[in-house]
1. Conditions first: (1) open to solvent by 10 Å² or more (accessible area, probe 1.4 Å); (2) more than 17 Å from the chain's Cα centre (by Cα); (3) touching a residue at least 12 places away in the same chain (Cβ under 8 Å). HIS266 passes all but one, so which condition is the exception?
2. Got a sec? Which of ALA176, ALA111 is within 28 Å of MET36 (Cα to Cα) and either modelled with pLDDT under 95 or not in a loop (DSSP other than H, G, I, E, B) (or both)?
3. Working only within region 92-101, note down all residues that are surrounded by fewer than 23 Cβ atoms within 10 Å (Cβ to Cβ), assigned to a loop (DSSP other than H, G, I, E, B) and touching a strand residue (DSSP E or B) at 6+ places or on another chain (Cβ under 6 Å).
4. If you go through region 137-162 one residue at a time, how many are open to solvent by less than 60 Å² (accessible area, probe 1.4 Å) and either at pLDDT below 95 or outside any loop (DSSP other than H, G, I, E, B) (or both)?
5. Can you pull out the residues in region 1-18 that are more than 18 Å from ILE69 (Cα to Cα) and either open to solvent by 50 Å² or more (accessible area, probe 1.4 Å) or among the charged types (D, E, K, R) (or both)?
6. Restricting attention to region 2-53, which residues are hydrophobic (A, V, I, L, M, F, W, C) and within 27 Å of SER240 (Cα to Cα)?
7. Any idea which residue in region 429-442 is farthest from ARG374 (Cα to Cα), counting only those that are under 27 Å from the mean Cα position of the chain (by Cα) and open to solvent by less than 70 Å² (accessible area, probe 1.4 Å)?
8. Taking region 212-229 only, how many residues are surrounded by fewer than 20 Cβ atoms within 10 Å (Cβ to Cβ) and in contact (Cβ under 8 Å) with a residue 12 or more places away in the chain?
Amino acid sequence: MIDTSVFQGKKAAYFTLGCKLNFSETSTFARMLQEMGVVNVGEGERADLCLINTCSVTDVADHKCRQAIHRLTRNHPGAFVVVTGCYAQLSPEKVAKMDGVDLVLGSQEKAQLIAFLSEAWMEKKDGEALHRYHTVKTKDIKAFAPSCSRGNRTRFFLKVQDGCDYFCTYCTIPHARGFSRSARIETLVEQARKAAEEGGKEIVITGVNIGDFGKNTGEHFIDLVKALDQVEGIDRYRISSLEPDLLSDELIEWCAQSRAFMPHFHIPLQSGADEVLRIMHRRYDTALFARKVERIKACMPDAFIGVDVIVGMRGETQEHFMQTCHFLETLDISQLHVFPYSERPGTAALRIPLVVPEAEKKQRAARLLELSERKTHQFYMKHMGQQAEVLFEKAQRGRAMHGFTKNYIRVELPPDTADPALDNHIVGVTLGAFNHDKTALMGRFNT
C-alpha cells in the first residue's frame, strides 16, 4: 500500500533531456504525482522534489544530464532528488553517487516510480542524500510504462512502444531501454479518447522504434494507425519517427487517404553511403530509402519529410561523406537533423579503426546544416500564398505565437493579431513571407 500522505502539498520541479518520448514520460510522471497532491514549484520557490529524466544518446547528453543534476540540487537544497531515463539506466552507480541524489531508477523501475519514491522518501533523513539506485540488466527490462500527456504543451504525446532490437553499432539505446515492447491497441485507443475528452486535437505517436510495434502482442503498427484514426475529437496525428525498412508502402498509401494522419514523416537515414550503412548495421540501403521518399511524394506531393543523419561515424571517409552529400541533394526532403557521431562505451563501433577528427565532424555537420536550411526554405517558398489550416500553440514568453500546418510548416502571427485564446484551435490562414529570421512563414487570417 502506497502512503500518499508523504506527497500532500509538496512542490516539485521537473527537468527533461532528450527525445519526445522522454518529454511524454516526464509529463506522465508529473500527472501521477499531481494526483497524489504534488504541485509544480513556482518561480523563485524551493522544490521538495526534483525529478530529472535523462538522455544518453551522446557524450554531450551525458554531460548535460550531470549539469542538470548539479543545477537542481544547488537551486533546491534539501529536496528529494530522483533521476531516471537512459543515463540513469546505463550509469546508475555514477549518478547515485552525485551530491544530493537520493534515488536512481532504471528503465524497468520507472514504471513503479510512485512506489519506489514513496518508500524512499519516508526513509530520507534531513540533509542526508540516500544515494540509492535500482536497475536491472537489459534482458530483464520488460515493463512498459504507459504515457499519454501534454504537460504544458498543446499537443499530446502518446507512447505506443519502447525499446529496440536493432543494436546499431553506434547506439546504446537498446542497452538503456531494453528490447522492443508495446502496449495493446485497445489500451492506446482508450488513451487517445481520454486525450480528446481533455480537449486535445493533435497527438504525436512516440516510441523508440515504433515500426516494431506489436512484437510482444502480435499486433501491427498499421492496425494501430487505423484504429487511432477512428477516435472522434482528435483531428491530427503525427508519427514521430519510422525506420525506412519498417515504413511500408501500405502505411504510406493509407496515411495519404486517412482522416487525421498528417502528410509529415520523419525517417532516419544516418548515412547516404551504403558502405557506412553496413558498418552501422543498418537494415536498408540508399536505394530503399530513395524509394520510400519517392513513394511518399507520389502519394502526398506536399508532405514534409525530415531525415536524421550522423556525420563523422568511425569508418566514414571523406569519400563516404561526399556520397552522403550527393545523395541528400537528390532527395525531395524538407529538413535534416544532423548529429556528429559520439563515442559511446560498450558499442561495437569502437572496434572500427578509422576515427574522424572532431574538427572534421564539425565541418561536415556545418555543411549538412547549410543544405538542410536550403531544403527547408525551398519547401516553405513553394507554399507561400497558399491557404492552410494551422493548429496554434501556446506561445513561450517573449516569443511570437505560432502553430503548424498539416504538413508541418511553422506559421507565426503578427503581434497585432496574436491572441492567447487561439491556443489549441485550428484556424485558416494565408501563408505569407518569411518572418525576420526565416524560421517560419507569417500567417494572415482568411476572411
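The values are calculated or read from the model by the stated rules, or taken from the named source; none is laboratory data. Note that the structure is predicted; figures quoted are calculated from it, not measured. Positions of Cβ are backbone-derived with ideal geometry, glycine not excepted, and every protein chain shown enters the neighbour counts. Please note that ligands, DNA and RNA were not included when accessible areas were found on the heavy atoms of the full protein model with its side chains. Shrake-Rupley method; radii C 1.70, N 1.55, O 1.52, S 1.80 Å.
1. For HIS266, the exception is condition (2).
2. Values: ALA176 fails: within 28 Å of MET36 (Cα to Cα).
Testing whether each residue is within 28 Å of MET36 (Cα to Cα) and either modelled with pLDDT under 95 or not in a loop (DSSP other than H, G, I, E, B) (or both) leaves just ALA111.
3. The first filter runs over region 92-101 and keeps only residues surrounded by fewer than 23 Cβ atoms within 10 Å (Cβ to Cβ), leaving 92-94, 96-100.
Now drop any that are not assigned to a loop (DSSP other than H, G, I, E, B), which leaves 97-100.
Hit for region 92-101 is GLY100, nothing else.
4. So in region 137-162, the residues open to solvent by less than 60 Å² (accessible area, probe 1.4 Å) come out as 138, 141, 143-145, 147-149, 151, 154-162.
Remaining after also requiring either at pLDDT below 95 or outside any loop (DSSP other than H, G, I, E, B) (or both): 138, 141, 143-145, 147-149, 151, 154-159, 161-162.
Going through region 137-162 one residue at a time, the tally reaches 17.
5. Taking region 1-18 first, the residues more than 18 Å from ILE69 (Cα to Cα) are 1-10.
If the condition is that a residue be more than 18 Å from ILE69 (Cα to Cα) and either open to solvent by 50 Å² or more (accessible area, probe 1.4 Å) or among the charged types (D, E, K, R) (or both), then MET1, ILE2, ASP3, THR4, SER5, GLN8, GLY9, LYS10 are the ones that fit.
6. Filtering region 2-53 for residues hydrophobic (A, V, I, L, M, F, W, C) gives 2, 6-7, 12-13, 15, 17, 19, 21, 23, 29-30, 32-33, 36, 38-39, 41, 47, 49-52.
The answer is ALA13, PHE15, LEU17, CYS19, LEU21, PHE23, PHE29, ALA30, MET32, LEU33, LEU51, ILE52.
7. Our first condition is that a residue be under 27 Å from the mean Cα position of the chain (by Cα); within region 429-442, this holds for 434-435, 437-442.
Okay, now just the ones that are also open to solvent by less than 70 Å² (accessible area, probe 1.4 Å), so 434-435, 439-442.
Details: PHE434: 13, ASN435: 16, THR439: 12, ALA440: 14, LEU441: 15, MET442: 18 Å.
Going through the qualifying residues, I end up with MET442.
8. Step one: filter region 212-229 for residues surrounded by fewer than 20 Cβ atoms within 10 Å (Cβ to Cβ), giving 215-220, 222-223, 226-227, 229.
Retained after the next criterion (residues that are in contact (Cβ under 8 Å) with a residue 12 or more places away in the chain): 215-217, 219, 222-223, 226-227, 229.
Number of matching residues: 9.
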